[in-house]
Amino acid sequence: MDGVNIDIGFFITVIIGIAILIGLIVLITSIVSTKKKGGISNRAMLEERLKQQLTENNRMQQELKQINSMDNLFFASMIRLTSRLHAADIAKEITGLLMNYLDAEQVAVFLADERGERLRIVDQHGIRDDLKTQIVYEVNSEQRRGKVGFSFLEKHPITKRDVVIGVQEPYAVFNPDICYPVFYQERRFGVIAIVRHQDLEERERNMLGVISAIAGITLNNTRTVHADPLTQLYNIGYFRERLDVELQHARGHQKCLSIAIVDLDNFKMYNDSYGHQAGDLLLMRLAQIFINHFDTEEIIARYGGDEFIVMFPGILKNDALRIMGHLLEALQKYDFASAQKVRVTFSAGISTFPDDALNATELIRYADQALYAAKRAGRNTVKMYSSTLAKI
């Protein structure tokens, strides 16, 4: 960021200073020369020009102060951006920053799902609320990839002057003119998409490049903070934070939300038979299976040890039961210790807002009670919470 500050602030300061100095030297020299020749009319004209030059110099100094002020605000925003720990907060900071610095009609920050297949709006300005959930770009579909998906896939910015051959926009309500990918090294996170009439000036391109680069670093750090070191799923701390947010959304929109707690069956026996290293490899492989099984809206985290926890926003209890049942069936296709043909099963318990609980603590506790009911029923099954379980 220091490099950008030098390029913009220092460079402009030097140029303006040189221009002012040269103008003054020329005019003063001319006035002195005129005085020596005794030219009264020419002297008056030159004095008038000097006044005009001084007025212009004052105007340029005011512009310079404004630019420096904007630079200070820009870097203050950069500091705030790097301090964010949640993807939604990072996206909101980016949107606010760009609306302050760009003459844009619409700004949207898209973030990818866990598999990097779909890009959804996390924060935006200028797009109707009822359209936010409908604008989804699918990276693997040529018909629904658009410029946003192309920029994400290629990790390459797109501006108004670029012609992207073969890319069609899938949405009439949103047709971005400018797309800047957000990534860090090989890891892609999303795209900043902008609608505006004018192409970017060099200063604006530099600014967008800095914002997208810093956003990539910040999102990478955020993911590291929120990830379980072994499985790379979310950790339970982040899951609880997201659960509070999603419950608030469910209350406000009168929607349901289900969670499932998953516990592997006989995991201790597996560790004792094949060693703790094999147990770790099993957990890592299961995490990947879980990621591939659940939809992008569903959030999965490692609860601790051999336990996992899944959040189903907008999903009824019976539907969550069906999804978990399909996962249990799918595990029968895998050999987790091929020489011994080991099969892995799990027990799971499900609870739902608002039918079973009205807050996160109760929701987790009731799912845990349903899990123990599944264990008592012989394992390798999924149970839903009901009021009768509390009496057992």
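What follows is calculated from the coordinates using simple rules that are stated; it is not laboratory data. Computed from a prediction, not measured in an experiment: that's the story for all the values here. All Cβ positions, even for glycine, are placed from backbone atoms using ideal geometry, and neighbour counts span all protein chains on display.
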- Note on the structure: Cross-link reach from K375 to aspartates and glutamates, straight Cα distance under 12 Å and at least 8 residues apart if same chain, gives D263, D265
- Message: Quick check on packing: order 342-353, 262-273 by the mean number of other C-beta atoms within 10 Å, highest mean leading.
- Response: 342-353, 262-273
- Message: Starting from 0.36 nm per residue, how many nanometres of slack lie between E114 and N271 once their C-alpha separation is accounted for?
- Response: 53.6 nm
- Approximate spin-label separation R203-E138, in nm, with each point projected 7 Å along Cα-to-Cβ: 4.3 nm
- Task: Compute the Cα gyration tensor for the stretch 80-202, then decide on rounded, prolate or oblate, letting a ≥ b ≥ c be the square roots of its eigenvalues: rounded whenever a/c is under 1.5, prolate when a/b is larger than b/c in the other cases, and oblate in all that remain.
- Result: rounded
- Task: Give the cross-link partners of K92 among the aspartates and glutamates, using a straight C-alpha distance below 12 Å as the criterion and excluding same-chain residues fewer than 8 apart.
- Result: D123
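Report the equivalent ellipsoid semi-axes for the stretch 198-300 in whole Å, largest first, defined as the square roots of five times the eigenvalues of the gyration tensor built from alpha carbon atoms.
37, 23, 11
If you place +1 on the Cβ of every Lys and Arg and -1 on the Cβ of every Asp and Glu, how big does the dipole about the Cα centre of the stretch 87-226 come out, in debye to the nearest 20? Please list the in-between numbers first.
Details: 18 positive and 21 negative charges, 52 e Å.
Approximately 260 debye in magnitude.
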- Message: For a 29 Å ceiling on Cα separation, which of these pairs sit above it: K155/K317; K132/K255; K155/K333; K147/K317?
- Response: K155/K317; K155/K333; K147/K317
- Note on the structure: With R₀ set to 22 angstrom, the calculated FRET efficiency between the beta-carbons of H86 and T361, to the nearest 0.05, is 0.60
- Item | Theoretical FRET efficiency, 1/(1+(r/R0)^6), r = Cβ-Cβ of E169 and Y334, R0 51 Å, to 0.05 | 0.80
- If the chain between S386 and H293 were fully stretched, how many nm would it gain, using 0.36 nm times the residue separation less the Cα-Cα distance? 30.9 nm
